[in-house]
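Here's the structure, in structure tokens; my notes come after.
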Amino acid sequence: MAPPKSDLPQGTLDLLILKVIALGPVHGYAIAQRLEQVSRGVVQVPEGSLYPALHRLENRGLLAADWKETETGREAKFYRLTRKGLKQLKTETADWQRLIYGIGLILQMADGGAE
């Protein structure tokens, strides 16, 4: 049984895109596939969200792109992190790790008094 699709909190998509691209140059469709595969179907990014995010990240100087041929022979824009993008990825990752830790502590509280 496939896990239910999950809506991403604001700003999360950019972080996930930067993380996938940090692994090496990749085109948009492959980014969406990788996110869905690694998250075991929980994260599904529609084209209408993915491509505007890629353009936004490129305009902010976090990504650079080159047109290349894909493994299927089609031309596609391959994205790679810039130095600024790598710095942003590290900062956002640290911020998320702190938030995840704090939320985890709250969720581990005993259920005392709840009825």
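The values are calculated or read from the model by the stated rules, or taken from the named source; none is laboratory data. Computed from a predicted model, the values in this text were never measured in an experiment. Positions of Cβ are generated from backbone atoms using ideal geometry, with glycine treated the same way; all protein chains shown enter the neighbour counts.
The table below gives the values:
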quantity: Residue list for the stretch 20-29, restricted to those being surrounded by 17 or more Cβ atoms within 10 Å (Cβ to Cβ) and either in a helix (DSSP H, G or I) or among the aliphatic types (A, V, I, L, M) (or both); calculated: Val20, Ile21, Val26, Gly28
quantity: Members of the stretch 28-60 found to be closer than 23 Å to Thr82 by Cα, among the basic types (Lys, Arg) and over 11 Å from the mean Cα position of the chain (by Cα), listed by number; calculated: Arg56, Arg60
quantity: Those residues of the stretch 84-114 which are without any contact (Cβ under 8 Å) to a residue 40 or more places away in the chain, small (Gly, Ala, Ser) and closer than 29 Å to Arg56 by Cα, in sequence order; calculated: Ala94
quantity: Of all residues in the stretch 62-115 being in a loop (DSSP other than H, G, I, E, B) and surrounded by 12 or more Cβ atoms within 10 Å (Cβ to Cβ), the one that is modelled with the lowest pLDDT; calculated: Thr70
quantity: Failed item in (1) under 18 Å from Leu89 (Cβ atoms); (2) outside any helix (DSSP H, G or I), with Ile17 passing the rest; calculated: (2)
quantity: Enumeration of residues in the stretch 34-48 that are surrounded by 14 or more Cβ atoms within 10 Å (Cβ to Cβ) and either assigned to a helix (DSSP H, G or I) or touching a Ser or Thr at 6+ places or on another chain (Cβ under 7 Å) (or both); calculated: Arg34, Leu35, Glu36, Val42, Val43
quantity: Count of the stretch 70-99 residues which are over 16 Å from Lys19 (Cβ atoms) and touching a Leu at 6+ places or on another chain (Cβ under 9 Å); calculated: 1
